[in-house]
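The values are calculated or read from the model by the stated rules, or taken from the named source; none is laboratory data. For clarity, every value in this text was computed on a predicted model and none was experimentally measured. Cβ atoms come from the backbone with ideal geometry, glycine included; neighbour counts cover every protein chain shown.
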Amino acid sequence: MWLELYEQAADSGEAAAGYYNRNVGLPTPEGKVNVRIPIAAADTMDVRLWEEEDVLACIRPYAGRVPELRHVSRTPRFQVHHFIDGRVLDGFSPRGAAVPPHVLDDVVTLMEQLTRIPREKAPALPAHWPGPGDGPGFGRLLADLTERVHSTYVGEYREAFRLLGIPEDPLAVIRPGWAGLTARPFVVLHADLHRKNMIVADGATWFLDWELALWGDPMYEIGIHFHKMDYPDDQRAEVFRQWRERLRPEYTAGPVADLRLYMDHEKIKSAVVDTVRYSKQLAASSPAEREFLVMRLVKKINAARRVWGSPPELTPERVAEALAPWWKGR
């Protein structure tokens, strides 16, 4: 049965594709399921720690609105989850728009639930992983991946980076800040909580795509969430208020500067990573899709330019010029 589902999914043209996985909903006698197949050609642009199925097994007793794992195959590589029938949040509330009020509560509820998972119930950690509460080590680990991505692509993208105002050493401006991060207990983090990973069904929010889950600083969870959600100011303030009120004090300790540091890192990372990602999508995009990608990249790089102390004056014309070699053919 499972292999047949995989073969149907692999042949299906009806897939919801993220960056690392394709998702295909298929009927079975026991109900609809989601077949999740890794995209083999995806470049690693994020810190990857655990296998997603191990994360789902770990969190299931603690977090209620997450996919139920039905099957895992190593060869060929795929998972089967129960199908969550609802609306993807991004489909009716895109970045920058207000979300339904219950989503704010649901997000903080999930973050609080994840703090309850004991270390011994989480999957194993590699030897190089920062020790308990080592915020500076955790921050540098995130930054190391961003630096590796930049160094991998700077040869091919040097002129594009120059035209976009991405510095030769994009992390120099924030690198000294890692040493001052507050020590907070580490917890399980989703580390990718954004609108395309949330499904709203019957007034409740379900949280998908746990392949980037980490063991780390809970301040990073809310920082990357704010970066990727792009809430209106009042909703961001409400999430932060609830987060500080509902989580135990040791998980939210420290100055707002810690939150800003994590968010600044994500802005820089997004400028570098999405320049590469979007350039690879442009050749197969329609003119309307190219315009959409260009406008998104304008916003992302202007956000990073503020961190670098540069005027946020990047225009769609400059982005299109920088990425022209990819969509016009090299």
- Note on the structure: Scanning region 43-64 for residues that are of a type in the set (Asp, Glu) and under 20 Å from Ser270 (Cβ atoms), the one surrounded by the most Cβ atoms within 10 Å (Cβ to Cβ) turns out to be Asp46
- Apart from one, (1) within 21 Å of the chain's Cα centre (by Cα); (2) in a helix (DSSP H, G or I); (3) of a type outside the set (Ser, Thr, Tyr); (4) under 20 Å from Phe240 (Cβ atoms) all hold for Gly177; the odd one out is (1)
- Message: Can you report the number of residues in region 18-42 which are exposed (fewer than 15 other Cβ atoms within 10 Å of the Cβ) and either closer than 21 Å to Leu214 by Cα or charged (D, E, K, R) (or both)?
- Response: 4
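Can you confirm whether region 135-147 contains a residue that is under 29 Å from Pro249 (Cβ atoms), assigned to a strand (DSSP E or B), under 21 Å from the mean Cα position of the chain (by Cα) and not hydroxyl-bearing (Ser, Thr, Tyr)?
Start the filter on region 135-147 by keeping residues that are under 29 Å from Pro249 (Cβ atoms), which leaves 135-143.
Checking the rest, the ones that are also assigned to a strand (DSSP E or B) come to none.
Taking every residue of region 135-147 in turn, none turns out to be under 29 Å from Pro249 (Cβ atoms), assigned to a strand (DSSP E or B), under 21 Å from the mean Cα position of the chain (by Cα) and not hydroxyl-bearing (Ser, Thr, Tyr).
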- Task: Scan the helices (runs of 4 or more DSSP H) fully inside region 196-292 and keep the ones with 3 or more residues being buried (at least 16 other Cβ atoms within 10 Å of the Cβ) and in contact (Cβ under 8 Å) with a residue 24 or more places away in the chain.
- Result: 218-229, 233-246, 256-282
- Selection over region 298-309 where residues are touching a residue at least 40 places away in the same chain (Cβ under 8 Å) and at negative phi yields a count of 5
- region 62-87, residues that are without any contact (Cβ under 8 Å) to a residue 12 or more places away in the chain and among the basic types (Lys, Arg): Arg74
- For region 1-93, which helices (runs of 4 or more DSSP H) that fit wholly inside it have 3 or more residues that are of a type in the set (Val, Ile, Thr) and modelled with pLDDT under 95? none
